[in-house]
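Structure first, then comments.
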Amino acid sequence: MKVVAFIGHKGAGKTAFLRALIPVLAARGIRVGTAKHVAPEVEPDIPGTDTYFHRKAGAQRVLLYSDAHAALFWDHTKTPLEEYIERYFTDLDLVLLEGFKSSSYPKIEIYRGGEPLAGRIPVLAVVTDRQPRLPDAVPVLPRDRMAIVTRIARDDDELIRQAIVRELNRNGQVFFVHNRVHDIHMIAERIESIVPEARVGVVHGQMKESDLEHEML
């Protein structure tokens, strides 16, 4: 189990970043858990509900249970975060923390403005679309960066579509490599049928230089 804390000033976009990151990880089969730091005065239950009144009446632990969900409420006595992580998250692959800048876990800063935490707090990287002044050793990652995925798999239409659409969504260009000139146009037609929203062109080594340049541009 790995744990990473995403830190940053209020309004930096930590929640939005995690909302975008979690489904990407889940789609790759990574079992993800999350934890969020809140102020002590934040009420975890919904005021006016039965479980809320149970707690206010003096119940030390209250379990909200259904066939689909379960939630356990209790007032802890400053139990360390690490103890909760070890007790409830060990069956997962990755735990993402929102906040917890004072914790011992590795941290990534989400930055949008103000004085960066990096430099005062050790971080693995800073995710931002700005140009903050940071220590030279701190990597800066664009907020909209999408990692390249490499897979070795059998020829599969859905996998091809996913790869092409992923690149189109980041305003990129796809080069689909085929090793035979004689049926390359059949392959182009196949790509057009798999991803009809894509504009498909064909180039190969037997083309005139002018034609090749025209197609590439």
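Within region 83-116, the set of residues being under 29 Å from A27 (Cβ atoms) and among the acidic types (D, E) comprises E86, D91, D93, E98, E109.
Could we say that E83 is acidic (D, E), under 27 Å from the mean Cα position of the chain (by Cα) and farther than 15 Å from F6 by Cβ here? Here the answer is yes, as E83 does meet what is asked. Residues considered: P139, P132, P116, P106. Of these, the only one that is at pLDDT 90 or above and not hydrophobic (A, V, I, L, M, F, W, C) is P106. When the strands (runs of 3 or more DSSP E) confined to region 42-123 are screened for residues that are surrounded by 14 or more Cβ atoms within 10 Å (Cβ to Cβ) and of a type outside the set (S, T, Y), those reaching at least 3 such residues are found at 94-98, 107-110. Annotation note: Cβ proximity below 6 Å between a residue of region 96-118 that is within 18 Å of L141 (Cβ to Cβ) and touching a residue at least 60 places away in the same chain (Cβ under 8 Å) and a residue that is aromatic (F, W, Y) and assigned to a strand (DSSP E or B) (sequence gap 6+ or interchain) occurs for E98/F6; I108/F6; I110/F6.
Quick check on region 145-168. Is at least one of its residues touching a residue at least 60 places away in the same chain (Cβ under 8 Å) and either farther than 30 Å from V203 by Cβ or surrounded by fewer than 16 Cβ atoms within 10 Å (Cβ to Cβ) (or both)? No, that holds for no residue.
Screening region 172-195 for residues that are assigned to a loop (DSSP other than H, G, I, E, B) and of a type in the set (D, E, K, R) and picking the one that is nearest to Q206 (Cα to Cα) gives R180. Remark: pairs (first residue in region 58-81, more than 19 Å from P47 (Cα to Cα) and assigned by TED's automatic domain parsing to the domain that holds A39; second residue surrounded by 10 or more Cβ atoms within 10 Å (Cβ to Cβ) and hydroxyl-bearing (S, T, Y); Cβ separation under 6 Å; 6+ apart in sequence or on different chains) = L81/S103. In this entry, R166 is excluded by the filter for residues that are within 22 Å of the chain's Cα centre (by Cα) and either part of a loop (DSSP other than H, G, I, E, B) or among the polar types (S, T, N, Q) (or both). If you go through region 11-41, how many residues are part of a helix (DSSP H, G or I), surrounded by 13 or more Cβ atoms within 10 Å (Cβ to Cβ) and of a type in the set (D, E, K, R)? Residues in region 11-41 being part of a helix (DSSP H, G or I), surrounded by 13 or more Cβ atoms within 10 Å (Cβ to Cβ) and of a type in the set (D, E, K, R): 1 in total.
The values are calculated or read from the model by the stated rules, or taken from the named source; none is laboratory data. All figures in this text were calculated on a predicted structure; none of them were measured in a lab. In this analysis, Cβ positions are derived from the backbone assuming ideal geometry, glycine residues included, and neighbour counts consider all displayed protein chains.
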